[in-house]
1. For the stretch B:5-111, which whole percent of the accessible surface, found with a 1.4 angstrom probe, sits on carbon and sulfur atoms?
2. Residues of the protein assembly as shown: accessible area per residue at 1.4 Å, in Å²?
3. Starting from the 7 Å offset along Cα-to-Cβ, what nm value, one decimal, do you get for the label separation of A:Thr104 and A:Arg30?
4. How do A:Arg46, B:Arg145 rank by accessible surface area computed with a 1.4 Å probe, from largest to smallest?
5. Any chance you could look up the accessible area of B:Trp95 with a 1.4 Å probe, heavy atoms only, rounded to 10 Å²?
6. With labels modelled as points extended 7 Å from the Cα through the Cβ direction, what inter-label distance (nm, one decimal) is found for B:Asp15 paired with A:Leu152?
7. Where nothing but the Cβ of Lys and Arg (+1) and of Asp and Glu (-1) is charged, how large is the charge dipole of the stretch A:95-180 around its Cα centre, in debye to the nearest 20?
8. Which value at 222 nm does chain B reach when only helices count, each DSSP H run of 4 or more adding -39,500 (n - 2.57), with the total divided by all residues and rounded to the nearest 500 deg cm²/dmol?
Amino acid sequence: MNVNDYITIRPYTKSIEEWMEDMEIPVGERGQIAGADVVAFPVGYRDCEQAFATSLYDFLAYARERDLFKIEVCCPEDGFTELELCSAKKRLGKFFLASTITGTIFWGVVSEYIYDQAKPILPQFSPIENVRTPQYLEAPEVSFSIVIPDSLGNKQEITYDGPVEGIDKMGEIIKTLTNGNGSELHIGEVKE
Amino acid sequence: MEMDLNYILAKLRSDGYDYDATLGSIKSEKQAAQDAGDELYANQLWAAETIIKIHQQFVKTFELLKAGRYYEAWCEAEQVEINIQFLASNSQEGWGNVKDIYSRVRQLQSLYPYKFFASYVMHVKKEKCSICGKERSIHNFCGHRIGKVYNGELCCNIVTDAELKGIDIVENPVHKYSVLFPSDAEGRHDYYDYTLVEGLMKYWSKPFQFWKYVVRKVFKQKAEFPGLTNESYCPCGSGKSYSECCALNAEGIKHWIYTFMVEPID
Ligand SMILES: [Zn+2]
Ligand SMILES: [Zn+2]
């Protein structure tokens with residue numbers, strides 16, 4: 001489902017246990033990952049399915065500094081690899097939230113981080129009237145997705161891929177999903 | 001006694017300023033601060049050093065433009081941009097010193113004809129921290145964040161093991177220098193049309209002189225282009241044939257007039 005041009009929501013079926021199996025997490029480390037509030041999943045690319053997003057590492061450092069929730073990476077210690085991709089977009093990756101309770105707090109840290117990263121390069125180039133702004137001068141972009149359980153125990157993946165300015169909408173959706181009971185209805189309400 | 005950084009920074013825009021000399025003295029001052037473990041002062045010196053480099057690179061950009069070396073100027077401008085971003089994320093005060101340079105660089109970039117860039121896809125397997133040399137690990141953070149300054153040095157990633165996965169063509173690249181150029185046995189060719197940059201350089205005569213530009217859209221009539229046929233490339237520059245482009249437009253042929261405004265210098 002497309003909420004707008006930048007946000008998509010779809011059901012997510014893969015479980016954290018399946019991910020841990022795929023990532024070959026040693027049995028002794030599984031409890032720690034499964035017990036975290038937030039778990040980062042790989043984003044993958046062609047033949048490197050187990051690679052993580054480029055900006056994840058820095059986000060982890062930021063989130064651990066803030067220390068508001070327990071965040072883990074679904075990856076064995078020596079298996080962490082990253083994908084460095086093309087365009088100048090900030091890619092945070094995919095995050096699995098164990099419970100809806102974490103939703104709002106996690107969103108607070110994600111949005112703070114994104115603004116903190118984008119702030120230095122604001123103010124942006126002000127578009128010149130009558131000419132198309134080249135893409136490399138456009139406002140900074142960001143992408144990430146959040147997998148969140150709804151009250152029925154199903155998981156939804158909400159993906160954002162667009163300009164930094166538009167992320168607030170994502171916050172509204174997360175709030176609705178995590179406070180509500182019956183996600184479908186609530187997603188429908190915020191749809192423009 | 002500490003150096004008077006404000007005094008130094010106030011002079012950076014004077015004609016013929018010797019950036020290298022100042023960078024040299026800042027460097028030894030920074031070394032002394034680092035050795036003494038004065039992190040706050042070392043970081044201030046890093047900011048001053050970066051501000052000086054930004055000015056120096058901006059002057060270099062201007063000189064390359066004056067010499068008609070447009071691609072090199074583009075690359076130098078990218079260095080200015082990168083340094084400004086590092087500065088801004090570490091020193092709000094420092095950013096204030098170069099804000100106007102940043103907006104000049106962005107305006108300059110907007111006049112370039114480049115549109116497509118080569119961009120690699122890299123699978124990074126191992127990297128280490130430039131500050132402490134520790135390998136990046138998901139469980140044991142060394143505590144240094146990329147792009148932040150520690151004891152007067154910028155923290156970067158040193159990639160020690162990576163595999164190239166592909167090259168993509170993008171319009172918003174990580175590296176602006178990766179402009180696509182056609183090449184053959186004789187090497188690379190620069191067929192880009194730099195008319196707008198050339199236009200600017202007719203009026204921009206000193207590096208720190210303020211300038212801006214505006215664009216006005218007008219319509220021209222077919223009669224103003226002798227020899228124009230339906231099969232010709234449309235004079236509007238769309239790359240389409242005239243019959244498929246502005247011939248379909250009742251108002252006429254699209255035309256843009258760029259007006260450069262520069263601050264008078266005495
Ligand atoms: Zn370190
Ligand atoms: Zn046309």
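1. On the way: 2200 of 4630 Å².
Accessible surface attributable to carbon and sulfur in the stretch B:5-111 totals 48 percent.
2. On the way: 22760 Å² over 458 residues.
I get 50 Å² per residue for the protein assembly as shown.
3. 3.4 nm
4. Working: A:Arg46 155, B:Arg145 15 Å².
Largest to smallest exposure gives the sequence A:Arg46, B:Arg145.
5. Roll a 1.4 Å probe over it and B:Trp95 shows about 20 Å².
6. Here the modelled spin labels are 7.7 nm apart.
7. On the way: 5 positive and 11 negative charges, 30 e Å.
My answer is approximately 140 debye.
8. Values: 6 runs with 100 residues, N = 266.
Calculated from helices alone, the mean residue ellipticity at 222 nm is -12500 deg cm²/dmol.
The values are calculated or read from the model by the stated rules, or taken from the named source; none is laboratory data. Keep in mind it's a predicted model, so treat the numbers as computed, not measured. Cβ coordinates were reconstructed from backbone atoms using ideal geometry, including for glycine residues, and neighbour counts include every protein chain displayed. Note: accessible area is taken over every heavy atom of the protein model, side chains too, but ligands, DNA and RNA are not part of it. Shrake-Rupley method; radii C 1.70, N 1.55, O 1.52, S 1.80 Å.
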